[in-house]
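Just below is one structure, and these are the notes that go with it.
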Amino acid sequence: MDEIVVDGTDVIGSVRVNRPERGNSVTPAVVTELGDAVQRLCDTDGVKAVVLTGTGSVFCAGADVREMFDVYHGDGADGLMDYLADVWMPAVQRTVRLIWGAPKPIVAAFNGAATAGGLDFGLACDVRVAASTARFAESYVNLGMVPVAGGAYLLPLVAGLPAATALLASGAFVNADRALGLGIVNEVCEPDELDACALRWASDMAHGPVETFARVKGIARGASTPAFETALRDSLAANIELIARPEVRERIVAVMERFSLASARRG
């Protein structure tokens, strides 16, 4: 089964995270493939816009805890921290940069919950639509980390600083209607209408020439892009420092231990 499903046969292309049994969580390999898919469609003649979505009831749950546990189990806590700093976080940041800088319209279609990096991928898109069942959380704080995929910059950009700061600090979920009120999403629809809703937004944004949109987006995001790059660098540096702190390390290890216990009960 393809973990990233790409359709570039129509004017509106699509990229779908296809790991429903893992809550559409991503490993470094999967997140790299996600970024490559977006870039590939942006390089495809005939595709004028791209919809980013997920399979099943979750948009993207961020990092795949099972894969992180495998690293922890094999290499211990020190190995996991090195893995996060050297492999996981750079891979996530590469993909969010590709989404942010894509020269064609990118529409996030939130088919369900979007947490941590999953939310940040959507925030980097140009437009966001959500099923009424979708929920959103910047849940990095539960691990004692800051959003590595740019959420500490992107969320205030769309929701305003006070509301975004509260969500970043608490890790609290907001439902689709609240997300609409905050400006996190542009439209909320019934789940069975999500594909059509996303297609409508993508088609509207693909109205003009491809190069015209690329220029408009470049101008509109021109002042923000250097600030976004600074935020990504600062987030990576902050997390590298944080995961070396005992209280943060303990939170991450505790998640690994809970996963181990849950796996033992299931097995």
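The values are calculated or read from the model by the stated rules, or taken from the named source; none is laboratory data. Computed from a predicted model, the values in this text were never measured in an experiment. Backbone-built Cβ (ideal geometry, glycine too); neighbour counts: all protein chains shown. With ligands, DNA and RNA removed, areas are computed over all heavy atoms of the protein, side chains included. Shrake-Rupley method; radii C 1.70, N 1.55, O 1.52, S 1.80 Å.
So Pro28 ticks every box in (1) more than 13 Å from Phe121 (Cβ to Cβ); (2) buried (at least 24 other Cβ atoms within 10 Å of the Cβ) but one. Which box is left unticked?
Pro28 satisfies every listed condition except (2).
Mind checking which residues of segment 194-209 are part of a helix (DSSP H, G or I) and touching a residue at least 24 places away in the same chain (Cβ under 8 Å)? Quick ask: steps written out before the conclusion?
In the first step, residues of segment 194-209 are kept if they are part of a helix (DSSP H, G or I); the result is 194-205.
Passing the criteria: Leu194, Asp195, Cys197, Ala198, Leu199, Trp201, Ala202, Ser203, Met205.
Can you pull out every residue in segment 42-57 that is of a type in the set (A, V, I, L, M) and surrounded by 24 or more Cβ atoms within 10 Å (Cβ to Cβ)?
Step one: list which residues in segment 42-57 are of a type in the set (A, V, I, L, M), which gives 47, 49-52.
Ala49, Val50, Val51, Leu52 - these are the residues of segment 42-57 that are of a type in the set (A, V, I, L, M) and surrounded by 24 or more Cβ atoms within 10 Å (Cβ to Cβ).
Within segment 92-103, work out how many residues are open to solvent by less than 10 Å² (accessible area, probe 1.4 Å) and over 11 Å from the mean Cα position of the chain (by Cα).
1
Write out, first by first residue and then by second, each pair whose Cβ atoms fall under 6 Å of each other, whose residues are 6+ apart or on separate chains, and whose first residue, in segment 157-170, is within 13 Å of Gly183 (Cα to Cα) while the second is β-branched (Val, Ile, Thr).
Val158/Ile184; Ala159/Ile184
Could you list, in sequence order, the residues of segment 16-37 that are out of contact with any strand residue (DSSP E or B) (no Cβ under 6 Å at 6 or more places or on another chain) and in a helix (DSSP H, G or I)?
Once the filter is applied, which keeps residues that are out of contact with any strand residue (DSSP E or B) (no Cβ under 6 Å at 6 or more places or on another chain) and in a helix (DSSP H, G or I), segment 16-37 yields Pro20, Glu21, Arg22, Pro28, Ala29, Val30, Val31, Thr32, Gly35, Asp36.
Identify, please: which residue in segment 227-252 is open to solvent by 80 Å² or more (accessible area, probe 1.4 Å) and in a helix (DSSP H, G or I) and is, among those, nearest to Thr44 (Cα to Cα)? It would help to see each step written out before you state the result.
Residues of segment 227-252 that are open to solvent by 80 Å² or more (accessible area, probe 1.4 Å), as a first pass: 233-234, 241, 245-247, 250-251.
So of that shortlist, the ones also in a helix (DSSP H, G or I) come out as 233-234, 241, 246-247, 250-251.
Values: Arg233: 30, Asp234: 33, Glu241: 40, Pro246: 47, Glu247: 47, Glu250: 45, Arg251: 43 Å.
Once the filter is applied, the top-ranked residue is Arg233.
Looking at (1) among the polar types (S, T, N, Q); (2) closer than 24 Å to Val26 by Cα; (3) out of contact with any Lys or Arg (no Cβ under 9 Å at 6 or more places or on another chain), find the lone condition where Thr165 falls short.
(2) is the only condition that Thr165 fails.
Please indicate, with yes or no, whether at least one residue in segment 62-69 is part of a helix (DSSP H, G or I), farther than 23 Å from Leu154 by Cβ, open to solvent by 10 Å² or more (accessible area, probe 1.4 Å) and without any contact (Cβ under 8 Å) to a residue 24 or more places away in the chain.
No: segment 62-69 contains no residue that is part of a helix (DSSP H, G or I), farther than 23 Å from Leu154 by Cβ, open to solvent by 10 Å² or more (accessible area, probe 1.4 Å) and without any contact (Cβ under 8 Å) to a residue 24 or more places away in the chain.
So, Ser14, is that one among the small types (Gly, Ala, Ser), open to solvent by 10 Å² or more (accessible area, probe 1.4 Å) and touching a residue at least 24 places away in the same chain (Cβ under 8 Å) or not?
Details: among the small types (Gly, Ala, Ser): yes; open to solvent by 10 Å² or more (accessible area, probe 1.4 Å): yes; touching a residue at least 24 places away in the same chain (Cβ under 8 Å): yes.
Here the answer is yes, as Ser14 does meet what is asked.
Please indicate, with yes or no, whether at least one residue in segment 159-180 is within 14 Å of the chain's Cα centre (by Cα), assigned to a helix (DSSP H, G or I) and at pLDDT 95 or above.
Applying the first criterion (within 14 Å of the chain's Cα centre (by Cα)) to segment 159-180 yields none.
Scanning segment 159-180 turns up no residue that is within 14 Å of the chain's Cα centre (by Cα), assigned to a helix (DSSP H, G or I) and at pLDDT 95 or above.
Report the residue count in segment 213-226 for those that are farther than 18 Å from Leu155 by Cβ and surrounded by 14 or more Cβ atoms within 10 Å (Cβ to Cβ).
Number of matching residues: 3.
In segment 140-155, what count of residues is obtained for those that are open to solvent by less than 30 Å² (accessible area, probe 1.4 Å) and not aromatic (Phe, Trp, Tyr)?
Counting residues in segment 140-155 that are open to solvent by less than 30 Å² (accessible area, probe 1.4 Å) and not aromatic (Phe, Trp, Tyr) gives 9.
When you go through Cys42, Cys60 one by one, which is the residue that is under 25 Å from Gly150 (Cβ atoms) and over 15 Å from the mean Cα position of the chain (by Cα)?
On the way: Cys60 fails: over 15 Å from the mean Cα position of the chain (by Cα).
Testing whether each residue is under 25 Å from Gly150 (Cβ atoms) and over 15 Å from the mean Cα position of the chain (by Cα) leaves just Cys42.
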